[in-house]
1. How would the range 145-218 be classified by its alpha-carbon gyration tensor: rounded, prolate or oblate, with rounded meaning a/c under 1.5 and the a/b versus b/c comparison settling the rest?
2. Specify which labelled value, from [x] 16.2, 48; [y] 16.4, 53; [z] 17.5, 56, agrees with Rg and Dmax of the Cα atoms in Å derived from the coordinates of the model shown.
3. Compute, for GLU82, the solvent-accessible surface of its heavy atoms (probe 1.4 Å) with the complete set of protein chains present, and express it in square angstrom to the nearest 10.
4. For a test of the definition: using alpha carbon positions, the gyration tensor, and the 1.5 limit on a/c, classify the range 97-213 as rounded, prolate or oblate.
5. What's the extension gain from THR126 to ALA42 if we count 0.36 nm per residue and subtract their Cα-Cα distance?
6. Ordered by packing density, taken as the mean number of other Cβ atoms within 10 Å over each peptide's residues, highest first, how do 26-39, 54-67 rank?
7. Percent antiparallel among DSSP beta bridges with both residues in the chain, to the nearest 5?
8. Treating the Cα atoms of the range 1-49 as identical point scatterers in vacuum, please give the log10 of the normalised Debye intensity I(q)/I(0) at q = 0.29 Å⁻¹, two decimals.
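The values are calculated or read from the model by the stated rules, or taken from the named source; none is laboratory data. Not measured: the values here are computed from a predicted model. Note that each Cβ is placed from the backbone with ideal geometry, even for glycine, and that neighbours are counted across all protein chains shown. Side chains are part of the model used for accessible areas, which takes the heavy atoms of the whole protein and leaves out ligands, DNA and RNA. Shrake-Rupley method; radii C 1.70, N 1.55, O 1.52, S 1.80 Å.
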Amino acid sequence: MKVAFPPAPDPDEASAERGRLLFAGPVDFVKGVVNMDGLPPADRPEVCFAGRSNVGKSSLINALTGRKGIARASNTPGRTQEINYFALADHSYLVDLPGYGYAQAPVAVVAKWQALLKRYLAGRPTLRRAFALIDARHGVKPVDHEILTLLDRSAVPFQVVVTKADKIGAAALSETLAQVEAELQRHPAAFPELVVTSSEKGRGIATLRSIIAGLGDV
């Protein structure tokens, strides 16, 4: 049976305002983590963002928080190998996972990061949802299936966020969304709704904010 993955609708006024207020409040960098014993206490809900290098993850986090440099984009893909924690006031944690699929990182570094990622996903009880970022220009690539399969195996519900939607035309975007929908049939942990975003144009930002605000109360 085919599962539909429609774009998430715009939030209603109350939900949009709730999301706006959450991200308009304090957003503080907590710490960068390289080992499981360095994780903050699991005392509040958290969501994480995963995506291959150059998918626009840092730009999306900056757009969500309304703070230009809170998530730093590296000029060298794969250079940042930490799990970065941000606190949304006392409400929840926003977790920025290192970019994957990078060619320039040493094999040993990649292996260490993959092991940490597996332990994090399998062992974080307060993780409510992972947001898996897919570039609108490229759709789901084989390297994306690796992380999506890991999320399946870790029983972590994930939702695809399509980034850089402003970089292609409407017809090409429709083709990408259809390809993403087809590819997600292979992944049982996928939440049946896509979030289409543009960090530059602000598209989908209010929607994603409202989703995150709602997850903090689950």
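1. oblate
2. Identified label for the calculated read-out: [x].
3. Looks like 70 Å² after rounding.
4. Because a/c hits 1.5 or more and a/b exceeds b/c, the range 97-213 counts as prolate.
5. 29.6 nm
6. Highest mean packing first, the order is 54-67, 26-39.
7. 35
8. For the range 1-49 at q = 0.29 Å⁻¹, log10 I(q)/I(0) is -1.23.
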